[in-house]
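Below: one structure, written as C-alpha cells.
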Amino acid sequence: MSSDILVVEDEHIIAMDIKLKLEDYGYRVLGIVSDGEDAVKLAAELRPDIVLMDIFLKGDIDGIDAAKSILALEIPVIYLTAHSDKVTLSRATENPASGYLVKPFEPQKLYNTIEVTLERQRKYLEEIDEIENPTHGSRNGKVGVYMDGERPRACTLIPELLDPESNQQENFKGEIIYAEDKITQTPVDAIRDN
C-alpha cells in the first residue's frame, strides 16, 4: 500500500524535486504547500501519513510552529532544512518530530527516514488501539498504560504485577486502568489527563 505524503517547501524547484523522488519510490504526494498556515489546514483536511516540513518558511508560521499543530493531529513530521546550526536544531528538537534531514540529502536517506517513520507510526497506532480496546490481544484482559516520553504505551499485565506483594510491581511505572474485564477509567482520557 502506498503512503500519502504532504510536502511543505517554499522553494518550488526543491519541492518538485522532492515530489518526483517520492513518486519514484511509490509514495503518493497529496500536495505541496509553501507556508505553515496552509500546511496545518491541509494536514488536518487530508490526514497524510507523513508531512515533510521545511523549517524556514515564508509567512507568519515557520515549519517548527506548523509542526507543533500537525503533531497534535498525531501525524508524524520529518523536518527538511538547509540549516543545521545549534539554534535551529535546538528549536526543532523541542517537538517530537520523526526525523531531521539536512538539504541537500540523498534520495535513499529520505526513503529510509520515511520508512522508519512509517513503521514507528504503525507501532504507535497499534499501541493506541490496544489502549482504546484493552481486551484486544491481551492474554488476561488486564492492560497497563505508562508514558514513554511523550507517547502512551500499553502493555499486557502479568498476574505478578497485580499482586501488591510481588517484587515485579516495582518495575511497572504506569497506572492500571483496566482490570478484571472492567474499565475503571477511559484509557485515552487517563493518558491525556497526565
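The values are calculated or read from the model by the stated rules, or taken from the named source; none is laboratory data. From a predicted model like this one, the values you see are computed outputs, not experimental measurements. Cβ: placed from backbone, ideal geometry, glycine included. Neighbour counts: every protein chain shown. These area figures cover heavy atoms from the full protein model, side chains too; ligands, DNA and RNA do not enter into them. Shrake-Rupley method; radii C 1.70, N 1.55, O 1.52, S 1.80 Å.
Answer yes or no: is there a residue in the range 1-21 that is among the polar types (S, T, N, Q) and under 20 Å from the mean Cα position of the chain (by Cα). Let's see the steps before the verdict.
Initial filter on the range 1-21 (among the polar types (S, T, N, Q)): 2-3.
Filter once more, so that each one left must be under 20 Å from the mean Cα position of the chain (by Cα): 2-3.
For the range 1-21, residues among the polar types (S, T, N, Q) and under 20 Å from the mean Cα position of the chain (by Cα): present.
If I filter the range 139-160 for residues that are open to solvent by less than 50 Å² (accessible area, probe 1.4 Å), assigned to a helix (DSSP H, G or I) and at pLDDT below 70, do I get at least one hit?
Checking the range 139-160: not a single residue is open to solvent by less than 50 Å² (accessible area, probe 1.4 Å), assigned to a helix (DSSP H, G or I) and at pLDDT below 70.
Residue check, Glu119 against (1) in contact with a strand residue (DSSP E or B) (Cβ under 9 Å, 6 or more places away or on another chain); (2) modelled with pLDDT of 70 or more, all met but one. Which one?
Every listed condition holds for Glu119 apart from (1).
Among the residues of the range 50-71, is any at positive phi and at pLDDT 95 or above?
No: the range 50-71 contains no residue that is at positive phi and at pLDDT 95 or above.
Is there any pair with a first residue in the range 37-66 that is under 23 Å from Leu118 (Cα atoms) and a second that is of a type in the set (Ser, Thr, Tyr) and open to solvent by 60 Å² or more (accessible area, probe 1.4 Å) whose Cβ atoms are under 8 Å apart and which are 6 or more apart or on different chains, and what are they?
none
Listed here are the residues, each with its yes/no results for (1) surrounded by 16 or more Cβ atoms within 10 Å (Cβ to Cβ); (2) not in a strand (DSSP E or B).
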site: Ser2; (1), (2): no, yes
site: Asp10; (1), (2): yes, yes
site: Ile13; (1), (2): no, yes
site: Lys21; (1), (2): yes, yes
site: Gly26; (1), (2): no, yes
site: Gly31; (1), (2): yes, no
site: Asp38; (1), (2): yes, yes
site: Phe56; (1), (2): no, yes
site: Ile75; (1), (2): yes, yes
